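Working notes, structure below.
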C-alpha cells in the first residue's frame, strides 16, 4: 500500500465549492493545526485552483485532488492531467464521488494511473455492492457514503456502518475504511470509528459551520478518542 503516508485514525475534509480562494486556505490551516493537536491525520481535498496554495502553506495535512482524468501528457485541453495534479502538491486523489462518478473500467484505469505516480487513492461508493466492487481495485481508502445522506445532518446507522466495514474486509483487508455522508458532530465520528472504521469525513457541515475551528477540533478529538478506546 502506498498508504505509508497515511495512518489511522484520519479524517477527510472537502470544502467542495462552498469555499474558494483564501477561505479554502483558512480552513486548511485550521485543519493543519487541529491535526497536530489531536494526532489525527487529515486528508484535505482541495479545489483544483487551490491545491498548490494549500500544499505550500501547510505542514501536517495530506492534500488530495477532487478528481483527475486518465490521460497521458500531451493533448487534452481542459482535462485534469495526473502529473499536473501531483506537481501542484497533491499527495493523492479522490475518485468516484457521487457528484463526479466514473464507469468502473475508467475508475480502474484511473486508480492504476494514480498508483503509477505513487499517489494515494480514495474511492467513494454509494452502496454495499459498489463498495465490494471498488474493494477489488485495492485503493488506499474506501469511503462508504450513501447518496441520500450526503450533505445532510443524519449519518448512517450502526447497521450500515457494520455492513460496510464487513463488505470491504471480506474482499480486501488492506484498504482503509472511511465512513462518511451526513457526518455533522463528534458523536457521528466517534461512532463510526468505534465500530471499526479507520476514518470519517465531512464536507458541507464543516464548510458551512459558523465556528469552523471548534467543529474541526470536535471531529478530530472524537476520532482520536474512539481510536484510542478501540485499540487501547
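The values are calculated or read from the model by the stated rules, or taken from the named source; none is laboratory data. Predicted model, so just to flag it, every value in this text is computed and none were measured. Using ideal geometry, Cβ is built from the backbone for each residue, glycine included, and neighbour counts are taken over all protein chains shown.
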Self-check item: Inter-residue pairs, beta-carbon under 8 Å, first on the phi > 0 side of the Ramachandran plot and in contact (Cβ under 8 Å) with a residue 12 or more places away in the chain and in the range 92-106, second surrounded by 14 or more Cβ atoms within 10 Å (Cβ to Cβ) and in a strand (DSSP E or B), 6+ apart
Solution: 96/123; 96/124; 96/125
Self-check item: Which numbered condition residue 222 misses (of (1) modelled with pLDDT of 95 or more; (2) in a helix (DSSP H, G or I); (3) over 18 Å from the mean Cα position of the chain (by Cα))
Solution: (3)
Quiz item: Taking the stated definitions as given, is residue 169 at pLDDT 90 or above and in contact with a helix residue (DSSP H, G or I) (Cβ under 6 Å, 6 or more places away or on another chain)?
Solution: no
Practice problem: Determine, yes or no, whether residue 31 is at positive phi and either at pLDDT below 95 or not in a loop (DSSP other than H, G, I, E, B) (or both). | Solution: no
Practice problem: Scan the range 206-216 for residues that are surrounded by fewer than 18 Cβ atoms within 10 Å (Cβ to Cβ) and in a helix (DSSP H, G or I) and report the count. | Solution: 3
